[in-house]
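Notes follow once the structure below has been shown.
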Amino acid sequence: MNNVFRIVSFLIFCNSTLALYAQEDLSKLFDDMDVQANRGPVIATFKSPRLVNAQTIETPHKHDLLFLVIHRFGDIAGNFGGFQTFYGLDNSTDILIGFDYGITDRWSIGTGRTKGAPNGTSTSQKQLIYVNSKYRMIQQTGDDRTPVSVSLFGNTVVSAMNKLGQVTSDANFSSFSNRLSFIAQAIIARKFSDNLSLELLPTFIRRNYVTYMDQNNLLALGVGGRMKVSPRMAIIADYYYSFRKQASKDYFLQQKNFKFYNSLSLGLEIETGGHVFNVCFTNATATLENQYIPSTSTSWGKGEFRWGFSISRAFSLGKKTGETKNSWNKQPSQ
């Protein structure tokens, strides 16, 4: 009887030891899985490839098509606003309709057309057609081994309008190349938490043909951010500072009584299923970087800002044809 008791006690001890060992190994396994998960790329830094005016690091998923509509109304106040224009709602300064397509999970191309927003002094160009490309070069990781995400963005814009018979205008085209302008941009972003994402956008603008004392080449720095206020709503904002030469600013102010302003935009972003919708206020009249960064001539301080909105929707053209989603929220395919 004593022998049986000893054998049973020994078996219980062995089983207990093995159970504790297995539990420790299982715990380590889950810890390793958590570490591996944290090393993965951070997703959904932003909810759309655009904030208000500025680009974000986001691109459509592979084989997804993003449809984008952007609308800017007229001045809310100032000389061209007020009740006579129903606070700008009777007018539109610019309208953009475009498409972006995901070649891969990191690379997209796009095209579209805008009405254009000429101010009649520094630019008279309108009827703008663009092609663009964005590449996600670096992706932030959950363990902060890569602390930021970096995307490269560029576009080429051509004005399709008829040539103006004004020698001093930037629309007095003498060749096709005079119609062209370009943007090269790095987008550096970090998702600090589920509620806050920020980005910097060093930018180079090349316009082949400009008015007298304007600049063909212009550097600018953009900043932008997104702060979530509810599961489906966020405050978004972006701002661009243009490094315009003082001689250029002085000439336009003294000779043309014309002043350049930096673009500042604030908005409310709403996610509704497959749509991302935002309503905003901005002093920029144009929707393309090629115009609103170098040629914004309206001021918040004078009431020369406007309502605007944008709608983006992603369509999957891959195997699950017809499915819609916000594809930049998904983990990249392996």
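The values are calculated or read from the model by the stated rules, or taken from the named source; none is laboratory data. In this text the structure is predicted, and so the values were computed from the model without any measurement. Quick reminder, even Gly has a Cβ in these numbers, built from the backbone with ideal geometry, and neighbours come from all protein chains shown. The area values use the complete protein model at the heavy-atom level, side chains included, leaving out ligands, DNA and RNA. Shrake-Rupley method; radii C 1.70, N 1.55, O 1.52, S 1.80 Å.
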Summed over the other residues with a beta carbon less than 13 angstrom from that of Phe305, with K and R at +1 and D and E at -1, the charge totals +1
Compactness ratio of the stretch 132-262: Cα Rg over 2.2 N^0.38 Å, N = residue count?
1.36
To the nearest Å², the heavy-atom accessible area per residue of the stretch 98-173 with 1.4 Å probe amounts to 45 Å²
Net charge near Leu180: determine it from the other residues with C-beta under 9 Å of the C-beta of Leu180, scoring Lys and Arg +1 and Asp and Glu -1.
+3
Net charge near Met161 (other residues with Cβ under 13 Å of its Cβ; Lys, Arg +1; Asp, Glu -1) is +4
The stretch 266-312 versus the stretch 143-200: alpha-carbon centroid distance in Å
16 Å
Check the stretch 54-178 and count each lysine pair with an alpha-carbon distance under 28 angstrom, considering only pairs eight or more places apart or from different chains.
6
Could you give the spread of the C-alpha atoms of the stretch 53-184 along their three principal axes, from largest to smallest, in whole angstroms?
54, 42, 26
